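J.: Can you read through this structure? Questions will come right after.
The values are calculated or read from the model by the stated rules, or taken from the named source; none is laboratory data. All values reported here derive from a predicted model rather than from experimental measurement. FYI the Cβ positions are ideal-geometry reconstructions off the backbone, even for glycines, and counts take in every protein chain you see.
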Amino acid sequence: MMKAAVHTTYGPPEVLKVTEVEKPQHKDREILVKIEFATVTSGDVRLRGSDFPPLFWLPARLIFGLFRPKKQILGHELSGTVEAIGSQVTKFQVGDAVLGTTTMLRSGSHAQYVCLPETWKQGVVLHKPKELSFKEAAALPVGGMTALFLLKKAGLKKGMDVLVYGASGSVGSYALQIAKAYGAQVTTVSSGANFDMLQSLGADTMLDYKKEDYTKKDRTYDIVFDAVGKTSKSKAKKVLKPGGAFVSITSITAEKREQLQEVVNLTVSGKIKPFIDKKFPLDAIVAAHTYVETGRKRGNVVITMAN
Ligand SMILES: NC(=O)c1ccc[n+]([C@@H]2O[C@H](COP(=O)([O-])OP(=O)(O)OC[C@H]3O[C@@H](n4cnc5c(N)ncnc54)[C@H](OP(=O)(O)O)[C@@H]3O)[C@@H](O)[C@H]2O)c1
């Protein structure tokens, strides 16, 4: 048996119950991972509450469970140690430290154990370098890969002017740091309360959305990156240079092994640092969801499986 946060109905954070469930059994091509850390993302909160935009509500419910959630253990990312491997696994050994995602798998990372395929189309699992702590590693995959995917789609290059709208969230804090690592000049949009955080992550210019409108400043950008889904292409066009690109987290992204490896490499070389806002034990999963649901989290919220 193992401990897990389970939700059998959609609803507020209180639908999550920490309980004992069957420990998963790995298949031939799977590894069994003893989880050290996971995160609560805004995606977990949306899935638990069935909080989908009206147009996507029905398609989303058909995918994630029409009457009750199909994936009853949430959690999209994790770090941990391989406890057992299937007979056809070649890339991992018992004892390896790993980080990865649970995208489109039957069960998530808000549990003591999870089974991950060695490779699968939608998600990624990689070896965790020793330079990276388990806590930091768990907070890298989703935000890091999403930021890198969208910046590459926008054609990020050295010397570009990049504006990150909503830079204080998980995706935004990685987008800022990855753009800086590539040699871009980065302007961030956040509330003034997060200026200290963004300065520490390398922002060149910071705008407070409560006091000024980024489209009315006398400045243009090669890339406008909407990291919280709260600006739009029509607004961004006002400040895009000719040939400039607008990208948003509302678009479909894909997880790629090479991209997580690049994010890991940038972290090991000290060019990016996962920003950890708060840490909760698994037993406090309701409090963690309640906090993330405020929409005010800074960077990442991690869950520890240790008591
Ligand atoms: N497409 C994908 O593959 C993908 C992957 C991951 C995430 N996502 C989506 O990306 C979005 C962001 O997720 P996240 O976890 O990175 O961040 P998040 O936790 O949703 O964002 C929280 C941050 O947003 C800031 N914020 C709130 N309202 C704002 C506004 N009007 N203008 C600027 N900043 C504002 C808050 O700062 P203040 O307190 O200063 O306002 C807070 O720091 C979510 O909708 C998530 O579902 C998409």
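J.: Of all residues in the range 139-151, which are part of a loop (DSSP other than H, G, I, E, B) and touching a strand residue (DSSP E or B) at 6+ places or on another chain (Cβ under 6 Å)? Give the derivation first.
T.: Going through the range 139-151, the residues part of a loop (DSSP other than H, G, I, E, B) turn out to be 139-140.
Answer for the range 139-151, where residues must be part of a loop (DSSP other than H, G, I, E, B) and touching a strand residue (DSSP E or B) at 6+ places or on another chain (Cβ under 6 Å): just Ala139.
J.: Give me the pairs, please: first residue somewhere in the range 238-252 and under 21 Å from Lys157 (Cβ atoms), second residue anywhere and away from the ligand (no atom under 16 Å from the Cβ) and in a loop (DSSP other than H, G, I, E, B), beta-carbon distance under 8 Å, and either six or more positions apart or on two chains.
T.: What qualifies is Val239/Arg219; Val239/Thr220; Leu240/Thr220; Lys241/Thr220; Gly244/Thr220; Ala245/Gly155.
J.: Which one of these does Ala175 not meet: (1) in the same structural domain as Thr41 (by TED's automatic domain parsing); (2) within 10 Å of the ligand (Cβ to nearest atom)?
T.: (1)
J.: Let me ask you something else. Condition first: more than 15 Å from the ligand (Cβ to nearest atom), in contact with a Lys or Arg (Cβ under 9 Å, 6 or more places away or on another chain) and among the hydrophobic types (A, V, I, L, M, F, W, C). Now tell me which residues in the range 32-58 satisfy that.
T.: Correct list: Leu32, Phe37.
J.: Also, quick follow-up: Being at pLDDT below 95 and away from the ligand (no atom under 15 Å from the Cβ): is that true of Asp218 here?
T.: Spelling it out, Asp218 is indeed at pLDDT below 95 and away from the ligand (no atom under 15 Å from the Cβ).
J.: So the check is Cβ under 6 Å with 6+ separation or different chains; which pairs have a first residue in the range 52-78 that's over 17 Å from Thr41 (Cα atoms) and a second one that's modelled with pLDDT of 95 or more and not in a loop (DSSP other than H, G, I, E, B)?
T.: none
J.: Which is within 10 Å of the ligand (Cβ to nearest atom) and farther than 28 Å from Leu78 by Cα, of Phe195, Phe149?
T.: Exactly one residue qualifies, and that residue is Phe195.
J.: List the number of the failed condition for Val45; all other conditions in (1) within 30 Å of Val264 (Cβ to Cβ); (2) in a strand (DSSP E or B) hold.
T.: Result: Val45 fails condition (2) only.
J.: Please go through the range 35-63 and pick out each residue that is touching a helix residue (DSSP H, G or I) at 6+ places or on another chain (Cβ under 8 Å) and within 30 Å of Glu83 (Cα to Cα).
T.: Glu36, Phe37, Ala38, Thr39, Val40, Thr41, Ser42, Gly43, Asp44, Val45, Leu47, Arg48
Rundown of residues vs (1) among the small types (Gly, Ala, Ser); (2) not in a loop (DSSP other than H, G, I, E, B), yes/no style:
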| position | (1), (2) |
| --- | --- |
| Val82 | no, yes |
| Gly100 | yes, yes |
| Trp120 | no, no |
| Ala137 | yes, yes |
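J.: While we're here: I need the full set of residues from the range 152-164 which are within 16 Å of the ligand (Cβ to nearest atom) and either assigned to a helix (DSSP H, G or I) or without any contact (Cβ under 8 Å) to a residue 60 or more places away in the chain (or both), in order please.
T.: Lys152, Lys153
J.: With (1) more than 19 Å from the chain's Cα centre (by Cα); (2) within 29 Å of Phe52 (Cα to Cα) as the list, and Gly244 as the residue in question, which single condition is left unmet?
T.: Status for Gly244: all satisfied but (2).
J.: Working carefully through the options Ala147, Ala167, Ala193, Ala181, find the one that is outside the structural domain of Gln25 (by TED's automatic domain parsing), of a type outside the set (Lys, Arg) and free of Cβ contacts under 8 Å to residues at least 60 places away in the same chain. Give the steps one after another, and end with the answer.
T.: Details: Ala147 fails: free of Cβ contacts under 8 Å to residues at least 60 places away in the same chain; Ala167 fails: free of Cβ contacts under 8 Å to residues at least 60 places away in the same chain; Ala181 fails: free of Cβ contacts under 8 Å to residues at least 60 places away in the same chain.
Among Ala147, Ala167, Ala193, Ala181, only Ala193 is outside the structural domain of Gln25 (by TED's automatic domain parsing), of a type outside the set (Lys, Arg) and free of Cβ contacts under 8 Å to residues at least 60 places away in the same chain.
J.: Let me ask something additional. Output the residues belonging to the range 96-113 that are within 16 Å of Arg257 (Cα to Cα) and polar (S, T, N, Q).
T.: Selection gives Thr101, Thr102, Thr103.
J.: Among residues belonging to the range 264-281 that are within 13 Å of the ligand (Cβ to nearest atom) and surrounded by 21 or more Cβ atoms within 10 Å (Cβ to Cβ), point out the one that is nearest to Val33 (Cα to Cα).
T.: Pro274
J.: Here's something else I'd like to know. Name the single residue that is surrounded by the most Cβ atoms within 10 Å (Cβ to Cβ) among those in the range 282-305 being among the small types (Gly, Ala, Ser) and within 14 Å of the ligand (Cβ to nearest atom).
T.: Initial filter on the range 282-305 (among the small types (Gly, Ala, Ser)): 284, 287-288, 295, 299.
Adding the requirement that they be within 14 Å of the ligand (Cβ to nearest atom) leaves 288, 295, 299.
Values: Ala288: 27, Gly295: 10, Gly299: 24.
Applying the filter and picking the extreme gives Ala288.
J.: Can I ask one more? Of all residues in the range 204-231, which are in contact with a Ser or Thr (Cβ under 8 Å, 6 or more places away or on another chain) and farther than 15 Å from Gly172 by Cα?
T.: Lys210, Tyr214, Arg219, Tyr221
J.: Then there is this: Hand me the list of helices (runs of 4 or more DSSP H) wholly inside the range 194-292 holding 2 or more residues that are over 25 Å from Ala181 (Cβ atoms).
T.: Counting at least 2 such residues, we get 233-236.
J.: Being surrounded by fewer than 24 Cβ atoms within 10 Å (Cβ to Cβ) and not charged (D, E, K, R) is the filter here, so list the residues in the range 167-183 that pass it.
T.: Correct list: Ala181, Tyr182, Gly183.
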